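These notes concern the structure reproduced below.
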Amino acid sequence: MSQASLAGPRAKNRQFRWNRLAVRTRIVITLVVLTLLAVLASGLVSYLLQRSAIQNRIDDSLASSIEEVRILAAEGVDPETGEPFVESDNLVFTAMTRHWPDTHESMLGLNSSGITYRANEIVPLRLEDDAQLVEELMSHADPDKFQQDVLLETISTDQATYRAAIIPVYFADDPEPSLLVFATDYSASLAELDAIFVTYTLIGIAVIAIVALIGSVTVGRQLSPLRKLQATAAEISDEDLDRRVPVTSEDDIADLSRTFNEMLDRIQSAFRSQRQLLDDVGHELRTPITIVQGNLELMNSRDVVDVEQVREISLDELDRVGRLVEDLMTLAKADRPDFVSLEAIDIEAFTREVLEKASRLGDREWSVDAATQIVHDFDNQRITQAWLQLANNAVKYSDDGTEIALGSKVRVDREEGTMLDLWVRDNGIGIAETDTARIFERFGRGGNSTRAEGSGLGLNIVTEIVRAHGGTVSVRSTLGYGSTFTMSFPLRND
């Protein structure tokens, strides 16, 4: 098996383990890792900058010491003779007595014979005690290898690392040249820097621990609404849909909680509608089934008249069941996005077309109250279905020869804005005021209706069709004088 094939499962396992951690834990770990990276990056950059600054400071100090010696050699005088320097030893001695070393700095005078001058006893750094350093410097004092250029070198020994300025001192009549060495304990300077950054590291660890603690508490509080949401979701069942997530803030999690509560409202409404539908359908289907079954059980198969009567009753009940199923299928599609297909319709011509179709529903005095001259987007078939359903209801609850009128108009309402109204007006039996809300419910009927007059889904279908177009249905009725059903649709202010 190849390494590539093994890498895939390992990566998936790591991802799986990471995804199994709680969100709070993952956020805190991410926060700690980011803080750690920030502390490491800032510490490393600061360390490198400080290290470079120390080296530059040491080199500047050594360069300043070199310049002092150069000026002394060019312009100074020998304190013993009062004349310019002619012997290197005298210049080395004078330069060392006039120079006060910086921290971790010392100096040394040498020639081919060995060490000639040492720094004052109060100077802590003793270069002469480092045998490896002295050996390295003596190699530069060898007359055969003596160089006349100033050298700035880094010398490492078992004891320390030095940054040294090796200054050759010689004169024309001087029998033996000398070396003046200014050296700084570079490792000691870095040790101080390291001590500072050890403290920085300890402080960084403390900061990361504090960030982890505060982050855990803060993230826990921020995720508290999500935990409540999860707890609420876990407690919800098909028997208890009343629980809601408390909303105590105005942030995006509060928006999520509100959206979740709205979803629960819709689910609860859907469950209630489903239960009501099942109860109502069971009740509606039970009656025709009972009628058919009862007639079949009592039917005298030898009696042709009885058989024909039972046949007619059974077919009538089955037709009603078929209409009920078709109406339920229409309602089931009402929440689908493709329930309506909009197209531009000439409302004036549309009003007269619907009147022509409605006039075949019954022997009534059919007329048009008004027909507005506008074009509006409708689903032709659905609105026709709803309008004819209202017309059919008007026929059912009115007498032959009475007037039924259809109409359309545009009205402007102070609260609703510009509206398009489509209505059906009849002079039928009317509706009691206590029944005006119930008749639009599924299987809802008025108190003066009879079961044989329909399944009770017609007005509910009208309501769903109008709602899918963004409108509302209303009724004005006076018992014994007739009713006016109105479908109202908002118009865009183009």
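The values are calculated or read from the model by the stated rules, or taken from the named source; none is laboratory data. Note that this is a predicted model, so its numbers are computed, not measured. In this analysis, Cβ positions are derived from the backbone assuming ideal geometry, glycine residues included, and neighbour counts consider all displayed protein chains.
Summary table
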item: Count - residues of the range 308-351 that are exposed (fewer than 14 other Cβ atoms within 10 Å of the Cβ), modelled with pLDDT under 80 and not charged (D, E, K, R); result: 6
item: Count of residues meeting criterion [in contact with a Gly (Cβ under 6 Å, 6 or more places away or on another chain) and at pLDDT below 85] in the range 461-479; result: 0
item: Flag if Asp173 is of a type in the set (Asp, Glu) and either outside the structural domain of Val86 (by TED's automatic domain parsing) or in contact (Cβ under 8 Å) with a residue 24 or more places away in the chain (or both); result: yes
item: Strands (runs of 3 or more DSSP E) lying entirely in the range 100-192 (those with 2 or more residues that are among the polar types (S, T, N, Q) and under 60 Å from the mean Cα position of the chain (by Cα)); result: 151-156
item: Qualifying residue in the range 84-101 (condition: over 24 Å from Tyr186 (Cα atoms), without any contact (Cβ under 8 Å) to a residue 12 or more places away in the chain and not small (Gly, Ala, Ser)); result: yes
item: Residue that is surrounded by the fewest Cβ atoms within 10 Å (Cβ to Cβ) [pool: residues in the range 102-130 that are charged (D, E, K, R) and under 21 Å from Ser189 (Cβ atoms)]; result: Asp129
item: Candidate set: the range 352-410, residues that are within 14 Å of Asp421 (Cα to Cα) and aromatic (Phe, Trp, Tyr); chosen: the one surrounded by the most Cβ atoms within 10 Å (Cβ to Cβ); result: Trp387
item: Breaking point among (1) at pLDDT 80 or above; (2) exposed (fewer than 11 other Cβ atoms within 10 Å of the Cβ), for Ser301; result: (1)
item: Count - residues of the range 213-225 that are part of a helix (DSSP H, G or I) and surrounded by 16 or more Cβ atoms within 10 Å (Cβ to Cβ); result: 4
item: Neighbours by Cβ (under 6 Å, 6+ apart or cross-chain): first from the range 32-56, closer than 22 Å to Ser189 by Cβ; second hydroxyl-bearing (Ser, Thr, Tyr) and surrounded by 14 or more Cβ atoms within 10 Å (Cβ to Cβ); result: Gly43/Tyr200; Ile54/Ser189
item: Near pairs, Cβ below 9 angstrom, 6+ apart or cross-chain, from the range 128-139 (at pLDDT 85 or above) to any residue that is basic (Lys, Arg); result: Glu128/Arg118
item: Matching residues, the range 102-124, being of a type in the set (A, V, I, L, M, F, W, C), without any contact (Cβ under 8 Å) to a residue 40 or more places away in the chain and touching a strand residue (DSSP E or B) at 6+ places or on another chain (Cβ under 8 Å); result: Ile115, Ala119, Val123
item: Residue check for Thr157: closer than 30 Å to Leu44 by Cβ and either surrounded by fewer than 19 Cβ atoms within 10 Å (Cβ to Cβ) or modelled with pLDDT under 85 (or both); result: yes
item: Residue match in the range 354-363 (condition: closer than 19 Å to Phe489 by Cα and in the same structural domain as Thr472 (by TED's automatic domain parsing)); result: yes
item: Among (1) surrounded by 12 or more Cβ atoms within 10 Å (Cβ to Cβ); (2) part of a helix (DSSP H, G or I); (3) of a type in the set (A, V, I, L, M, F, W, C), the one test that Val245 misses; result: (2)
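Here is a yes/no grid of residues against (1) modelled with pLDDT under 85; (2) farther than 18 Å from Thr103 by Cα:
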{"residue": "Gln147", "(1), (2)": "yes, yes"}
{"residue": "Glu153", "(1), (2)": "no, yes"}
{"residue": "Tyr162", "(1), (2)": "no, no"}
{"residue": "Ile167", "(1), (2)": "no, yes"}
{"residue": "Leu180", "(1), (2)": "no, yes"}
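Listed here are the residues, each with its yes/no results for (1) acidic (Asp, Glu); (2) at pLDDT below 80; (3) closer than 19 Å to Ala172 by Cα.
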| site | (1), (2), (3) |
| --- | --- |
| Asp59 | yes, no, no |
| Leu62 | no, no, no |
| Ser65 | no, no, no |
| Val69 | no, no, yes |
| Glu75 | yes, yes, yes |
| Trp100 | no, no, no |
